[in-house]
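Q: First the structure, which I've put down as structure tokens, then a few questions once you've had a look.
Since every read-out is calculated from the coordinates, none of them should be taken as a lab result. Everything numeric here is computed off the predicted structure, so don't read it as measured data. All Cβ positions, glycine included, derive from the backbone under ideal geometry; neighbour counts span all protein chains shown.
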Amino acid sequence: MRANLEDIAQACGVSTATVSRAINNPGMVKPETRDLIKKYIIQYNYVPNAIARSLSRKETKTVGVVIPDILNPFFGSVIRGISTVLRENDYNIVLYDTEETRKYEFEALTTMLEERVRGIIITTSLDEEKSEDIMIPQLLQRSQQNTPIVFIDREPVYSRFDGVYFDNINAGIQATDCLIKAGHQKIALILGPAFSRANKERYMGYCTAFTKNGLTVNQDYIFHADRYTTQNGYDITEKLLALPERPTAIFAGSNSLATGCVTCLISNKINIPQDMALIGFDDTKNFDPFGLHISYIERSVRQMGEQAAKLLLHQLNTPKDKQAIQKRIILPSKLILKGSESYSGQIRLN
């Protein structure tokens with residue numbers, strides 16, 4: 001059982017005001033008193049925050065948001081959408097960055113459930129077939145009975161949760177078909193982890209575009225990064241440039257991978273699109289000030305966050321016996337052409 005402010009004050013032989021100052025304004029408390037209070041806070045497992053106070057009433061107005069990479073602009077837009085809707089409904093969010101690490105994800109989920117957050121919105125690092133990591137699926141499945149859970153962007157295969165996702169197959173078709181119609185046949189594909197459902201679907205769209213245009217996919221041009229990082233995008237692009245027969249176009253399946261790709265091309269004095277055509281994923285306006293106008297697959301990222309928050313609120317406000325079994329929202333994507341898809345050689349006439 002957790003101690004309260006009075007318990008800590010009594011154990012330390014000080015007033016509750018002194019304990020409060022030690023927590024909120026430590027500079028106003030003598031070091032030896034501050035250290036003593038800290039000792040008893042740890043010993044009694046005291047949680048001096050709004051969540052702890054609400055626990056005594058067995059309720060919170062806090063939603064946990066778990067994302068794999070806070071530095072990725074994609075998740076910044078998602079969080080903005082979530083927070084806008086929840087703020088309008090008098091909810092706060094507590095944010096956890098798992099750094100694409102299952103250990104951190106498990107710790108974040110465990111902490112949130114111990115603190116009895118009202119609900120969880122999550123982009124999991126475990127989004128596919130790594131079935132040996134059974135702790136997270138088991139934890140989520142048990143928790144779903146009492147704590148509403150909504151997934152965003154990456155759909156789990158281990159249970160049926162509400163979620164908001166994008167039409168990744170059509171995104172793959174749009175980007176690849178555009179490059180083919182621009183005259184390319186040697187089209188490289190840079191994706192994230194191969195076990196990811198989203199990446200499988202983008203690859204499926206890529207292959208579909210080749211098939212419908214009567215072309216054969218060259219597997220030498222398909223690369224999967226183990227993580228969505230700029231460095232991985234850079235390293236894979238270097239490998240593509242080192243191929244005996246390098247591609248004439250690249251479709252990079254995430255904004256981080258596309259950034260690494262562009263950086264590598266610039267470092268190797270490869271002009272876009274004169275020497276290499278490129279289509280990215282998510283907004284590429286950060287390149288515009290440098291005169292690089294990169295075509296990309298546009299997704300309503302903020303809308304994804306808003307829809308996820310609305311799904312969670314629906315669960316919170318609807319009795320369990322009246323909720324649908326599963327709600328999946330699939331958002332469309334759109335190809336934004338800015339010129340980087342243009343063919344650098346002879347245009348096909350047929």
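Q: Take the residue pairs LYS38/LYS61; LYS61/LYS310; LYS39/LYS61; LYS239/LYS338 and return only those whose Cα atoms are more than 18 Å apart. Don't skip to the end; give the middle numbers.
A: Details: LYS38/LYS61 27 Å; LYS61/LYS310 15 Å; LYS39/LYS61 29 Å; LYS239/LYS338 26 Å.
Over 18 Å apart, Cα to Cα: LYS38/LYS61; LYS39/LYS61; LYS239/LYS338.
Q: A further question follows. Sorted by average packing, counted as other Cβ atoms within 10 angstrom per residue and highest first, what order do 16-22, 150-156 take?
A: Descending mean neighbour count gives 150-156, 16-22.
Q: Using the per-residue mean of other Cβ atoms lying within 10 Å as a proxy for protection, in what order, highest first, do the peptides 88-100, 183-195, 259-271 fall?
A: Details: 88-100: 16.3, 183-195: 21.3, 259-271: 18.0.
Per-residue Cβ counts within 10 Å, averaged per peptide and sorted highest first, yield 183-195, 259-271, 88-100.
Q: Taking neighbour Cβ counts within 10 Å as the exposure measure, how do ILE297, ILE272, ILE329 sort from fewest upward?
A: In order of increasing Cβ crowding within 10 Å: ILE329, ILE272, ILE297.
Q: Hey, got the dipole for segment 168-300? About the Cα centre, +1 on K and R Cβ, -1 on D and E Cβ, debye to the nearest 20?
A: Here the size comes out at about 220 debye.
Q: Identify the GluC sites (Glu not before Pro) of segment 183-250 meeting these criteria: DSSP loop state and at most 13 other C-beta atoms within 10 Å of the C-beta.
A: Values: sites: GLU201, GLU238, GLU245; in loops: GLU245.
Within segment 183-250, the qualifying GluC sites (Glu not before Pro) (loop, at most 13 other Cβ atoms within 10 Å) are GLU245.
Q: Would you please give the FRET efficiency between GLU6 and ASN89, computed as 1/(1 + (r/R0)^6) with r the Cβ-Cβ distance and R0 = 41 Å, to the nearest 0.05?
A: 0.80
Q: What list of ³J(HN,Hα) couplings, whole Hz, do you get for segment 101-118 from phi and the Karplus terms 6.51, -1.76, 1.60, once you set θ to phi - 60° and write x for glycine and proline?
A: Whole-Hz 3J(HN,Hα) from phi for segment 101-118: 10, 5, 4, 5, 5, 5, 5, 5, 5, 4, 4, 4, 6, 5, 8, 6, 4, 6.
Q: While we're here: Between LEU316 and ASP288, what FRET efficiency comes out of the Förster formula 1/(1 + (r/R0)^6) with R0 = 56 Å and r the beta carbon distance, rounded to 0.05?
A: For ASP288 and LEU316, the calculated efficiency is 0.85.
Q: Taking a ≥ b ≥ c as the square roots of the eigenvalues of the Cα gyration tensor of segment 217-350, is the shape rounded (a/c under 1.5), prolate (a/b larger than b/c) or oblate? The partial results should precede the final answer.
A: Details: a/c = 2.47, a/b = 2.31, b/c = 1.07.
Prolate shape, in that a/c is at least 1.5 and a/b is the bigger ratio.
Q: LYS269: which aspartates and glutamates have alpha carbons under 20 Å from its alpha carbon, excluding same-chain residues fewer than 8 sequence positions away?
A: Qualifying aspartates and glutamates at Cα under 20 Å: ASP235, GLU238, GLU245, ASP288, GLU341.
Q: Only residues of segment 289-304 count here: report those whose backbone N is under 13 Å from the spot 7 Å along Cα→Cβ of ILE266, or say none.
A: Hits in segment 289-304 for ILE266 at 13 Å: 289-294.
Q: Which of the peptides 287-293, 309-315, 102-108 is most tightly packed, and how do the rest follow, going by the mean number of other Cβ atoms within 10 Å of each residue?
A: 309-315, 102-108, 287-293
Q: Given R₀ = 41 Å, FRET efficiency for ILE325-LYS30 by Cβ-Cβ distance, to 0.05?
A: Using R0 = 41 Å, I get an efficiency of 0.10.
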